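The values are calculated or read from the model by the stated rules, or taken from the named source; none is laboratory data. Small disclaimer: the values here were computed from a predicted structure and weren't measured. As a convention, Cβ positions derive from the backbone with ideal geometry for all residues, glycine included, and neighbour counts pool all protein chains shown. Calculation scope for accessible area: heavy atoms of the full protein, side chains included, ligands and nucleic acids excluded. Shrake-Rupley method; radii C 1.70, N 1.55, O 1.52, S 1.80 Å.
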Protein chains: 2
Amino acid sequence: MQDNTFSLWFAEQLLDIGAVRLQPNQPFRWSSGWLSPIYCDNRLTLSYPQLRKQITRGLCKLIREYFPSVEGIAGVATAGIAQGVLVADMMDLPFCYVRPKPKEHGTASQIEGRLQAQQPIVLVEDLISTGSSSLRAAQALQQAGARVVGVVAMVSYDFNHARQAFEQAQLPYYSLTNYDTLIQVWQKQQPLQADMEAILNGWRQDPAHWQPPSR
Amino acid sequence: MQDNTFSLWFAEQLLDIGAVRLQPNQPFRWSSGWLSPIYCDNRLTLSYPQLRKQITRGLCKLIREYFPSVEGIAGVATAGIAQGVLVADMMDLPFCYVRPKPKEHGTASQIEGRLQAQQPIVLVEDLISTGSSSLRAAQALQQAGARVVGVVAMVSYDFNHARQAFEQAQLPYYSLTNYDTLIQVWQKQQPLQADMEAILNGWRQDPAHWQPPSR
């Protein structure tokens, strides 16, 4: 399958299983604190074995194409753990996962699993919005001695904010589909009303300061 | 492989990769608050692709043998997510995972993924000590309408406390290896000194009230 074809197909699948929700009047609050009229719950795909497998294949394809030097896979906890280890299994590579912060009990680890020094690692992420969770995980891996060569994600919102942050960190990233494709497919399936389109555009322009419409 | 053979082999593997640590003078504090002279970091196995695969096979074997009615797999977050989804992949079943408590942002979910009502679910757990994390996860699944038929884990400490709690919850559980096998294999590899043996026995008798030896 061509990448663009896969991207459209995957966006359709996400809409078909109801993973994408638009709620401009009851916006979602992301872990970054930003408010969002859209929510994309990729974790739902874990409950669909065939779709789940296609996603693993898609992520492996991105990694083989863009990061052929890879020797280990890391998942960003918690949402990146499941597809991360499935990718590691398909590629027969070591796996570890990275917590947002060190655990408060037991061994107080932030990285679970074992890294080799200078091992080229690809991070697997669920969704890239601000990019901060991926970049925090990459930093933790680097501090532990790994070489993070890139990030692959199921979905990216392709915000300028994130692009710049990844560029600054010199960390390339690729995703199976993105915000524009999701909205394009959504429009085809159930055309958005003009006010919803305006809301989504407004949010897209400046997600950090977006506020829900007053009712 | 016989189950007992697998149990010994797996305990050896855990010791070989340094997943088991004895630190009576600097005890570990579990999430339950209990102090422990032993720590078993099964997450390290994720970094060893062959061992990881044998564990997945072992867990699938337990599930096929004891819970043949299974229609879905749930992982206890975070440590049970990785082997949980690998088991789901090998058995071609839906997967979800259960957080210790509902997420504080986004959709505020405790269960990630999608369940069908009355679906027979097997929980995959990393390690059973007090049993409370498994039982809490089982309860969350039941409240969401699932039917939890049992729990499989990599390691169990086989405490009376846990046995009774699982019995009371009418939830059968099985593990690939257990505390006695780990200590038996440890003794064979590097005989424990008498005082360490006494410490481990004392802890085993009453883990809830154990205190490290005064120096």
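Descriptive notes on the structure:
- Scanning region A:3-13 for residues that are within 14 Å of the chain's Cα centre (by Cα) and under 10 Å from A:TRP186 (Cα atoms) gives a single hit, A:ALA11.
- In region A:10-23, the residues that are among the aromatic types (Phe, Trp, Tyr) reach residues that are open to solvent by 20 Å² or more (accessible area, probe 1.4 Å) with C-beta atoms within less than 9 angstrom, at least six apart or across chains, in these pairs: A:PHE10/A:GLN54.
- Take the conditions (1) of a type outside the set (Ser, Thr, Tyr); (2) open to solvent by less than 10 Å² (accessible area, probe 1.4 Å); (3) within 22 Å of B:ILE17 (Cβ to Cβ); (4) free of Cβ contacts under 8 Å to residues at least 60 places away in the same chain; A:PRO94 misses just one of them, which is (2).
- Note on region B:42-86: residues that are without any contact (Cβ under 8 Å) to a residue 60 or more places away in the chain, assigned to a helix (DSSP H, G or I) and within 11 Å of chain A (Cβ to nearest Cβ) amount to 14.
- Failed item, numbered, when B:GLN189 is tested on (1) in contact (Cβ under 8 Å) with a residue 60 or more places away in the chain; (2) surrounded by 14 or more Cβ atoms within 10 Å (Cβ to Cβ): (2)
- Here B:GLN142 meets each of (1) closer than 21 Å to B:SER36 by Cβ; (2) free of Cβ contacts under 8 Å to residues at least 40 places away in the same chain; (3) surrounded by fewer than 20 Cβ atoms within 10 Å (Cβ to Cβ) with one exception, condition (1).
- Test: A:ARG163 is touching a helix residue (DSSP H, G or I) at 6+ places or on another chain (Cβ under 6 Å), open to solvent by 50 Å² or more (accessible area, probe 1.4 Å) and at pLDDT 90 or above: no
- In this structure, A:VAL124 does not qualify as of a type in the set (A, V, I, L, M, F, W, C), under 22 Å from A:GLU167 (Cα atoms) and surrounded by fewer than 24 Cβ atoms within 10 Å (Cβ to Cβ).
- Failed criterion for A:PRO172 (all others in (1) under 12 Å from the mean Cα position of the chain (by Cα); (2) surrounded by fewer than 20 Cβ atoms within 10 Å (Cβ to Cβ) hold): (1)
Residue-by-condition table, conditions (1) at pLDDT 95 or above; (2) open to solvent by less than 10 Å² (accessible area, probe 1.4 Å):
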| site | (1), (2) |
| --- | --- |
| B:ILE63 | yes, yes |
| B:ALA74 | yes, yes |
| B:ALA82 | yes, yes |
| B:LEU86 | yes, yes |
| B:MET90 | yes, no |
| B:PRO100 | no, no |
| B:ALA117 | no, no |
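- Region B:24-33, residues that are touching a residue at least 12 places away in the same chain (Cβ under 8 Å) and open to solvent by less than 30 Å² (accessible area, probe 1.4 Å): B:PRO24, B:TRP30
- Among the helices (runs of 4 or more DSSP H) confined to region B:112-215, the ones with at least 1 residues that are in contact with a Lys or Arg (Cβ under 9 Å, 6 or more places away or on another chain) are located at B:132-143, B:179-189.
- Subset tally (residues that are of a type in the set (Gly, Ala, Ser) and more than 9 Å from chain B (Cβ to nearest Cβ)) for region A:1-35: 3
- Number of the condition not met by A:ARG147 [criteria: (1) at negative phi; (2) crowded, with 17+ Cβ neighbours inside 10 Å]: (2)
- Among the conditions (1) open to solvent by 30 Å² or more (accessible area, probe 1.4 Å); (2) of a type outside the set (A, V, I, L, M); (3) out of contact with any helix residue (DSSP H, G or I) (no Cβ under 9 Å at 6 or more places or on another chain), B:TRP203 misses just one, which is (1).
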